[in-house]
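Read-outs: derived from the displayed coordinates by stated rules, not from any lab. This structure is a prediction, so every number in the text was calculated from the model and none was measured. A quick note on method: Cβ atoms are made from the backbone with ideal geometry, for glycine too, and the neighbour counts reach across all protein chains shown.
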Amino acid sequence: MSKKETIVVCSAHSDDFVIGAGGTIAHYAAEKKKVIALIFSYGEKSHPWLKENIVQKMRSRETIEAGKVLNCEIIFFDLREFHFQEDYQQKELEKQFLAILNRAKPTKIFTHSSEDPHPDHKAVNAITMDLWQKVKQKPELYIYSVWNPVSFKTRYPSFYVNISKTFSAKLNALKTFRSQKFNAIYPLFTLILFRAIKDGFKLRTLFGEHFYRIK
Ligand SMILES: [Zn+2]
């Protein structure tokens, strides 16, 4: 039997992959592809009043639940927020990442944009670009947006995925992030809905997700 086609999604924080590519992940999983989300950080800084290990436990539980909703495997890396590059070097994670990628041989990797204003998102873009250079089998490389538009430049070709059948799974996956209820996610459901309709319009479908192919 031939190996399942594999897709990898790189995510700075525990919820980015759902916001940026949740519908697409569920779409590929429904096509019987294997999807792996690499989560760089638990994102403990958003709950300064809780002990970091409590936040980590809470976040990892929620993220695994979100992964179940979307049918994707989750792998965590414990990088400290705003110290991604430093920790990545210090913990010598390149070997680990390359081992995962060389084993999985993904056909596509989705990651953050270098134009994203968040320093952790930028760092994940830089790390992914570097890994792409070093991985044996070159996958197609796409960038997704979280809160800000994925790119302000138009030099990259657009890639749209029809998520009409999986948009509800994306919303259900977002709902698993209960610990962030009062932070970011809930008020932005409208933004996510608006974006899905706008991107779906390009495909003449109900809902879509938009990426740029950079490699
Ligand atoms: Zn993030």
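A few comments on the model shown:
- Dividing the Cα radius of gyration of the chain by its Kirkwood radius returns 0.94 for Rg/Rh.
- Restricting attention to the chain, close to 30% of DSSP beta bridges with both partner residues there are antiparallel.
- Whole-number percent relative contact order across the range 6-213, with pairs defined as alpha carbons under 8 Å at least 6 apart: 26 percent
- Net charge dipole, the range 6-213: roughly 720 debye, given to the nearest 20, about the Cα centre with Cβ charges of +1 for Lys and Arg and -1 for Asp and Glu.
- Low-density loop positions, GluC sites (Glu not before Pro), the range 85-161 - DSSP coil, at most 15 other Cβ in 10 Å: GLU92
- Cβ-derived FRET efficiency at R0 30 Å, ILE197 paired with ILE75, nearest 0.05: 0.40
- With θ taken as phi - 60° and the Karplus curve 6.51 cos²θ - 1.76 cosθ + 1.60 applied, the whole-hertz 3J(HN,Hα) list for the range 193-210 is 5, 4, 5, 5, 5, 4, 6, x, 4, 4, 9, 6, 10, 5, 10, x, 10, 10 Hz, x standing for glycine and proline.
- Positive contributions from Lys and Arg (+1) and negative ones from Asp and Glu (-1), summed over other residues with Cβ under 10 Å from the Cβ of LYS122, come out at -3.
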